[in-house]
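In what follows, a single structure is set out as structure tokens and then discussed.
Derivation of every value follows stated rules applied to the coordinates shown; laboratory data play no part. These figures come from a predicted structure and were not determined experimentally. Neighbour counts are summed over all protein chains in view; Cβ atoms, including those assigned to glycine, are modelled from backbone coordinates with ideal geometry.
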Amino acid sequence: EKGGYEHFMIKEIMEQPKAIRDTLTGRLPDDGFEVNLDGIKITKEDLQKLNKIFIVACGTAYHAGIVGKHVIEKLTRIPVEVDIASEFRYRDPIVDENTLTIVISQSGETIDTLVAMREAKAKGSRTLGIVNVVGSSIAREVDDCLYTWAGPEIAVASTKAYTTQLICLYLIALDFATKLGTISYEEFAKIRDEIKRLPEKVEYVLTHRENIQKYASEHFNAKDIFYLGRGLDFAVAMEGSLKLKEISYIHSEAYAAGELKHGTIALIEDGTFVIALATQEKLFEKMVSNIKEVKSRGAVVLSVAQEGNTDIENVSDHVLYIPRTLDILAPVLTVVPLQLFAYYTAVQRGCDVDKPRNLAKSVTVE
Ligand code: M6R
């Protein structure tokens, strides 16, 4: 059942190229200027009346939502707010018939997300679900549903659900942008072609997993690990940090690199292990400065950058390169070494990787 792997988590990490291919099947034609989203019946007119989109989810799905915000805003110019479902529910959010509420859930049964969706619906908002489990409560109750075709995810730590949620968010952003006319054909074609190359690029990262295993074997005794990033890298940092915490029980924080100097940098001391994500071209120089700041306080830094940006080697102890891609698509590649790092660290520490303490696969209590 684990396909020859020691744990479901590593099996599911390794399945990501296929999960992404399956999620893309039939949805992104090789030519033409459109996306085919079976489950989404939202028209140009529906989109034109929207003044806001909410993305509501929990945990890893929430982290995917943060990437979604950046991408949907960039391509459609519609303002997007992302909220944790258990917060959204209790804060009387401003939602009405001119709002679209996107809920993201692997299981489709997370109670906070389900109830948040119902509440948005009751206030007149149209609801769109990005869901993995076919026929689950959220999938049945939303107005429009786009499935991630990740296949069953058994490990408590979510991996292939996250990367396929990102794919769905890219598809939704492209679909809305073509309908609204906020994207040129050239831009559309560039993103489309790069999305199609993601499965083989993920495969490439997976092939080099022994490097990450090596870093994990050097740092598995760390007391704290900080994940730093800017822009989309910050969103991925949050996901990498959650993955580490939940399965290895190492304390970890994700920080927006530019915000560090407003307090948290006080925690960096000799030997603190920092994972610095520097995949965003426009923010690369800024990240290099942030890495210098933590290095000069004694941090040991593992950086992740796009291939070719070798300047990063001058300021880092170790560097992991991901294949080059568009900045907005980089999260799909950047998260993979972080998933592997959390996995190998937890294995080294003898943790129960697939069933971490205090956690359930689907959270049906409020
Ligand atoms: O099934 P859902 O996507 O709604 O679950 C949401 C979270 O409970 C889930 O992502 C959780 O954070 C994972 N254990 C993270 O790996």
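Scanning the range 133-153 for residues that are of a type in the set (A, V, I, L, M, F, W, C), within 13 Å of the ligand (Cβ to nearest atom) and touching a residue at least 60 places away in the same chain (Cβ under 8 Å) returns a single hit, 150. Across the range 271-329, the qualifying residues are those that are acidic (Asp, Glu) and part of a helix (DSSP H, G or I), and the one among them that is surrounded by the fewest Cβ atoms within 10 Å (Cβ to Cβ) is 285.
Residue 229 falls short on exactly one of the conditions (1) surrounded by 22 or more Cβ atoms within 10 Å (Cβ to Cβ); (2) in contact (Cβ under 8 Å) with a residue 60 or more places away in the chain, and that condition is (2). With away from the ligand (no atom under 15 Å from the Cβ), surrounded by fewer than 18 Cβ atoms within 10 Å (Cβ to Cβ) and more than 20 Å from the chain's Cα centre (by Cα) as the only criterion, which of 204, 185 stands out? Being away from the ligand (no atom under 15 Å from the Cβ), surrounded by fewer than 18 Cβ atoms within 10 Å (Cβ to Cβ) and more than 20 Å from the chain's Cα centre (by Cα) holds for just one of 204, 185, which is 185. Here is a check on your reading of the model: is residue 244 within 16 Å of the ligand (Cβ to nearest atom) and buried (at least 24 other Cβ atoms within 10 Å of the Cβ)? Yes; evaluated as a whole, the condition is true for this residue. Number of residues in the range 149-171 that are part of a helix (DSSP H, G or I) and either under 15 Å from residue 189 (Cα atoms) or touching a Leu at 6+ places or on another chain (Cβ under 6 Å) (or both): the value is 3.
Looking only at residues in the range 50-67 that are among the hydrophobic types (A, V, I, L, M, F, W, C) and over 8 Å from the mean Cα position of the chain (by Cα), the one that is farthest from the ligand (Cβ to nearest atom) is 50. When residue 221 is tested against (1) outside any loop (DSSP other than H, G, I, E, B); (2) more than 19 Å from residue 13 (Cα to Cα), exactly one condition is not met: (1).
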